[in-house]
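The values are calculated or read from the model by the stated rules, or taken from the named source; none is laboratory data. Model, not experiment: these values are computed from the prediction. Using ideal geometry, Cβ is built from the backbone for each residue, glycine included, and neighbour counts are taken over all protein chains shown. SASA here: full protein model, heavy atoms, side chains in, ligands and nucleic acids out. Shrake-Rupley method; radii C 1.70, N 1.55, O 1.52, S 1.80 Å.
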Amino acid sequence: MKTSLKASLATALLLGSAAPTLAATESPVAGRWDAVLTRNGTQIPFRLDIKGDGPSLQGVFYDGFKPYDGTTSASFQNGNLVLNVDHYLTTINARLENGQLDGKVVAQNRESSADYSFHAVRHVEAPAGVSGPAIAGTWIIPLSSPSSKGEKAFRFIVEQKGGDVAGSILRIDGDTGSYTGAFKDGKWVLSHFDGGRPGVIVVTPKGDGTLEIQQEASRPAKAATSDYGSDAPDGRYAPALIAYREDVATAKGFAKPDDFLTHTTAADPNAIFKFNFPDNSGKLISQDDPRFKGKVVLAVVTGTWCPNCHDEAQYLVELDKKYRDKGLAIVALNFEEPEQQDTFKRQKAFVKQYGVKYTYLEAGSPAQMWEKVPQLNHLDTWPATVFIGRDGKVKAVHSGFASPASGAFHEQLKADFTSRIEQLLAEKPVVAAADNQPSGKALALNR
């Protein structure tokens, strides 16, 4: 995109309710901002709300049309704004001059540390956008060759309000978050930044009823290639993806997206799912620990560098509150980069930000996942959630996590999770054979 589009893209993107009114007790930087990140020629507009003052100062990011996540700490002193998103290892540093904010963003992820330039202006409500073609619903994106995870198709999920669109690409490991923007000059320019995953896609409706989806590559080529196979970005742009309505894709015989419940399976469904990893105090915790023994267990293969794992953790916190006292135990088998394992700074911020109370175990680095969790076949998504019955055996494995950006697929996931958990909780605890015998025989069996 050209630099001249910066203001118009930001204005087109930042939709919804009117900008917050600045209260007398709030900081001079409080209010709604139209912000833009720039890296490698790619501009990523996003909405940023700043509220409060002093110790209460906070930045709020959006996912689609709704507020999603916030900063872990913030300050504004002598014209300098600092917004920290420690659970993503992201920091925004900017200076307020002439009513505008300029600076940079440093964002770390599994592949690298990326620097973006940052520019923001006060939000001004734009006139109602042009009403574009109706594209709301679920679309299928066939891939010209399988992704590194073996997928032959993705989904594109669209919510539409007139000429304004929120769209998310859903893969087997989860979705991209909700890219948002307006219809202009025959296309939607959609962008997204929630503190952890910046991106831009351009969606163009075609005369044959399909959608052309062009993704701009601001991520390292290696990371993009792992997601998209031969459809990965080549230089700045990825080859265009073509999306078809579900019924059209079916009629054309295109492959379906992978099933979240069959992509990864237990190598031996009759074997006990075993783990034995240290907690962050160094104490080894296994499946035989009293907190897990005889309970229904969700064992989650995860890492705090993974945006979809952030999405899932917020839902797991809800499940933990609802079912902990009914016999559910959740354990995170956490894989962090080697350079994170000295301090676990991001993980600690992650746990605090989302109010995680379930067990976190340090399983190793991402490259060690297959060695440390050998009980699963085709384990290649972050996250992967293992449903374990009271007998300690794997009952199901759910690949990835469809966040609220995935609309009906998120609602279906929640229904599936709760139904499966309640079914497993309803099963009676397994009693050892010796426990059913008269005391003398039981003693004999234990000799």
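A few remarks follow.
- Condition check for Ala134: surrounded by 15 or more Cβ atoms within 10 Å (Cβ to Cβ), part of a loop (DSSP other than H, G, I, E, B) and of a type in the set (A, V, I, L, M, F, W, C): no
- Scanning the stretch 85-120 for residues that are farther than 29 Å from Gly303 by Cβ and touching a Ser or Thr at 6+ places or on another chain (Cβ under 9 Å) returns Asp102, His119.
- Filtered by the rule that a residue be touching a Pro at 6+ places or on another chain (Cβ under 6 Å) and outside any loop (DSSP other than H, G, I, E, B), the stretch 253-296 gives a lone residue, Leu284.
- Counting only helices (runs of 4 or more DSSP H) that fall entirely inside the stretch 342-438 and contain at least 2 residues that are buried (at least 20 other Cβ atoms within 10 Å of the Cβ), the qualifying elements are 345-354, 408-426.
- Selection status of Glu312, out of contact with any His (no Cβ under 9 Å at 6 or more places or on another chain) and surrounded by fewer than 20 Cβ atoms within 10 Å (Cβ to Cβ): no
- Scanning the stretch 48-68 for residues that are assigned to a strand (DSSP E or B) and either crowded, with 18+ Cβ neighbours inside 10 Å or modelled with pLDDT of 95 or more (or both) yields a total of 11.
- Conditions (1) under 14 Å from Ala94 (Cβ atoms); (2) surrounded by 23 or more Cβ atoms within 10 Å (Cβ to Cβ): number failed by Pro45: (1)
- Selection of the stretch 161-179 for residues being among the aliphatic types (A, V, I, L, M) and assigned to a loop (DSSP other than H, G, I, E, B) yields only Ile172.
- Taking each residue of the stretch 86-111 that is touching a residue at least 12 places away in the same chain (Cβ under 8 Å) and open to solvent by 40 Å² or more (accessible area, probe 1.4 Å) and looking for partners that are in a loop (DSSP other than H, G, I, E, B) and small (Gly, Ala, Ser) with beta-carbon atoms closer than 6 Å, six or more apart or interchain, yields Arg95/Gly79; Leu96/Gly79.
- Any hit, the stretch 279-300, residues being at pLDDT 95 or above, in contact with a His (Cβ under 7 Å, 6 or more places away or on another chain) and either of a type in the set (D, E, K, R) or under 30 Å from Ala405 (Cα atoms) (or both): no
- Matching residues in the stretch 232-252 - criterion: being under 18 Å from Lys206 (Cα atoms), open to solvent by 20 Å² or more (accessible area, probe 1.4 Å), modelled with pLDDT of 95 or more and not in a strand (DSSP E or B): Glu246, Asp247, Val248, Lys252
- Residue check for Leu319: open to solvent by less than 10 Å² (accessible area, probe 1.4 Å), within 23 Å of Lys393 (Cβ to Cβ) and out of contact with any Pro (no Cβ under 8 Å at 6 or more places or on another chain): yes
- Taking (1) open to solvent by 40 Å² or more (accessible area, probe 1.4 Å); (2) in contact (Cβ under 8 Å) with a residue 24 or more places away in the chain in turn, Asp208 satisfies each apart from (2).
- Considering the stretch 69-85, and only residues there that are open to solvent by 50 Å² or more (accessible area, probe 1.4 Å), touching a residue at least 12 places away in the same chain (Cβ under 8 Å) and in a strand (DSSP E or B), the residue that is nearest to Glu26 (Cα to Cα) turns out to be Phe76.
- Qualifying residue in the stretch 141-161 (condition: touching a Phe, Trp or Tyr at 6+ places or on another chain (Cβ under 6 Å), surrounded by 21 or more Cβ atoms within 10 Å (Cβ to Cβ) and more than 30 Å from Gln347 (Cβ to Cβ)): yes
- Selected residue [under 16 Å from the mean Cα position of the chain (by Cα), under 25 Å from Lys283 (Cα atoms), modelled with pLDDT of 95 or more and among the polar types (S, T, N, Q)] from Gln353, Gln368: Gln353
- Test: Phe118 is buried (at least 16 other Cβ atoms within 10 Å of the Cβ), under 16 Å from Asp34 (Cα atoms) and of a type outside the set (Ser, Thr, Tyr): yes
- Taking the criterion of being farther than 17 Å from His87 by Cβ and touching a Phe, Trp or Tyr at 6+ places or on another chain (Cβ under 9 Å), the residues of the stretch 191-207 that qualify are Ser191, His192, Gly199, Val200, Ile201, Val202, Val203, Thr204, Pro205.
- Of the residues making up the stretch 325-366, those that are within 30 Å of Asp391 (Cα to Cα) and without any contact (Cβ under 8 Å) to a residue 24 or more places away in the chain are Asp325, Val351.
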